[in-house]
Amino acid sequence: MESYVKDSNLSSITSQVNSDGSLQLNIAGRLDSNTTGKIWRQAKNEVEKNSPRNLVIDASGINYCDGAGIALLFELQLHQQKAGKEIEIRGLANEFQQLLDQFKAGEFIEAEVEVPGPSNIFEKVGRSTLDILQDFKANISFLGEVMVSLFYAMLHPRSVRWKDFLITSELIGVNAFSIVALVCFLIGLVMAFQSAIPMQQYGAQLFVANLIVIAMFKELGPLMTAWVVNGRSASAFAAELGTMKVNEEIDALTTMGLEPVRFLVVPRVLAALVMIPILTIFGNLFGLIGGLVVMLSLGFSVVTYVNQITSAATYVMLLAGLIKSVVFAFIIGGVGCMEGLRTKTGASAVGDSTTSAVVVGLVMIIFVDGVFGVIYYFLGI
Amino acid sequence: MSGDKEPIIRVENFTAAYGDNVIIDNISFEVYRGEVFVILGGSGCGKSTVLKHMIGLYEPAAGKILIDGEDIAASSGEDRLKILKKIGVAYQSGALFGSMTILENLRLSLEEYTDLSPDAMDLISLMKLKLVGLSGSEHKMPSELSGGMQKRAALARAMALDPFILFLDEPSAGLDPITSAELDQLILRLARSLKITFVVVTHELPSIYTIADRVIMLDKRVKGIVATGKPQDLRDHSDNPWVRQFFNREVESEVAA
């Protein structure tokens, strides 16, 4: 039985130049994964230094040879054949020769030719640009398809899978209620607390209520709700549709003549469009309750707080936030489903889609929020 | 059994490619009405690629695929739908919708394309399940079925609208020999009794000998068809050593020797 010995001195290599000008390498001993490395480097050095027209390997002294040893002999064969030179392996034991004979140098040389060479910076930039443009085109195409399908659904309400809509509404809305409420409550609480300290110096603590209501209605209510739902639901959409893609369920739908966008995306986007504004309203409410807790601790009464809020808030302000939340909802539903439907194959594909859905969703929400900020500024809202 | 040799599918000068990588290069063949037609070949030769083009999931890089005289890749909208209603597809993984029961999976296309009453849809679905030997499983979720049962359920779903062409992608893959043989008998029974044309992608030799009326054999080295005919004829009389090797389950070196 062969024992596993970690001693690189168990193998040796010597070289000589024969009278006919050929280089002879005498390899002896045990060629395994532990011993071959040293022999490999020495052999390659000799061959590269001498560039022999004819290389002779005396392998009669090799008493053991595993995959690594065979790879060394094959590498030497390949090297000589690529250079159009000769190689002769002498005295290799029959069982090792059979292993070596399984590999044909021609196949490997051919395979190497197929590997594309390193690309230059211009090619890389060009390919990346092309990829970005193709992605952009695909996104626009998907957006158009979703819009057309939503429009069709409005005209033909019976075409919508209302059961899926209700299930998704529960997932995206009802199940997210507690976390949205908690996050918005804490945001209201922290914001009120942090702003109360500097405002105390000016005796303006009462106006913390104004700050809370304006910030929640116009900005933080829609934004925090969208972030929470994006984290929960865009990833869930991407994972669900991605798994369906990997399991060929999307292909099955397509060949049944059922458009995946109408069948899978429309109910989800519709559910997001309905539930996210509702969640935003609750988020606003819980943000205000968070502010109330701080105001009560500062000695103000509930009536004072409510009066201050009602004097500061306007319906336009509330509506401005809700309009934002509708657009956020479209982004969350659309991006989640799009990334899911674009899932590739492989073990990591669904994970990649999920990550991509959350990240792209977050970035787009912030971007659109900024655009709304500018628009509202010019509209005087 | 090629029947009256009336072609129902024509594949003309078809080339398939993923980007610059050509998988299938300029092949042509026909599938006759009512036959069990098998596309076979070694792993990675492009069998499933050909199938996915035939069912319209991918567009050919060149050439045409005509289903009952209509070019599936060039069709869109209502025309595409008309073609798709003529075909049913059972995928390698079954591809049953995991969030629906088996009955709901079967009812789906009936709900979308017919104005049948719910009771009628249920009855039709149950009859299809009976045909594939899955009575009693209608209220189970796909995850509650074994691999073989999922494949049979997928076959039943593919038959829901009574298509006259059924495409099966690796129907026996991963099944034990008994279940695989049962599925083969089911395919034969459906082909003979309902006169359905089957296009089956597989490399399971026992299945091929049992079900195939005619086969085409693909080879990735030539990126095309290397043999056409009855499987037994190819095994015994093919001029191509690789084809004989495939049918006789020989390793390459034995043939070379």
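The values are calculated or read from the model by the stated rules, or taken from the named source; none is laboratory data. Quantities reported herein were computed from a predicted structural model and do not represent experimental measurements. Positions of Cβ are generated from backbone atoms using ideal geometry, with glycine treated the same way; all protein chains shown enter the neighbour counts. These accessible areas exclude ligands, DNA and RNA; they are computed on the full protein's heavy atoms, side chains included. Shrake-Rupley method; radii C 1.70, N 1.55, O 1.52, S 1.80 Å.
Within region B:11-55, being of a type in the set (A, V, I, L, M) and within 14 Å of chain A (Cβ to nearest Cβ) holds for B:VAL22, B:LEU51, B:MET54, B:ILE55. Of all residues in region B:151-188, those that are closer than 18 Å to B:ALA212 by Cα, touching a residue at least 40 places away in the same chain (Cβ under 8 Å) and open to solvent by 10 Å² or more (accessible area, probe 1.4 Å) total 6. Give me the residue from region B:56-115 that is within 8 Å of another protein chain (Cβ to nearest Cβ), in a loop (DSSP other than H, G, I, E, B) and of a type in the set (Ser, Thr, Tyr) and, out of that set, least open to solvent (accessible area, probe 1.4 Å). Among those residues, the one meeting the criterion is B:TYR91.
Residues in region A:75-108 that are closer than 13 Å to A:ALA59 by Cα and either not assigned by TED's automatic domain parsing to the domain that holds A:THR36 or not small (Gly, Ala, Ser) (or both): A:LEU76, A:ILE87, A:GLU88, A:ILE89, A:ARG90, A:LEU92, A:ASN94, A:GLU95, A:PHE96, A:GLN97, A:LEU100. Please verify whether region A:355-377 includes one or more residues that are modelled with pLDDT under 95, not in a helix (DSSP H, G or I) and not aromatic (Phe, Trp, Tyr). No, every residue in region A:355-377 fails to be modelled with pLDDT under 95, not in a helix (DSSP H, G or I) and not aromatic (Phe, Trp, Tyr). Checking the structure you have, find out if any residue of region B:247-256 is hydrophobic (A, V, I, L, M, F, W, C), open to solvent by less than 50 Å² (accessible area, probe 1.4 Å) and in contact (Cβ under 8 Å) with a residue 60 or more places away in the chain. Checked region B:247-256: no residue is hydrophobic (A, V, I, L, M, F, W, C), open to solvent by less than 50 Å² (accessible area, probe 1.4 Å) and in contact (Cβ under 8 Å) with a residue 60 or more places away in the chain. The residues of region B:198-225 that are in a strand (DSSP E or B), in contact with a helix residue (DSSP H, G or I) (Cβ under 8 Å, 6 or more places away or on another chain) and either within 21 Å of B:PHE164 (Cβ to Cβ) or open to solvent by 10 Å² or more (accessible area, probe 1.4 Å) (or both), listed by number, are B:PHE198, B:VAL199, B:VAL200, B:VAL201, B:VAL215, B:ASP219. For first residues located in region A:256-280 and crowded, with 20+ Cβ neighbours inside 10 Å, partners that are of a type in the set (Lys, Arg) and lie 6+ apart or on another chain with Cβ distances below 8 Å form the pairs A:PHE263/A:ARG161; A:VAL266/A:ARG161; A:PRO267/A:ARG161.
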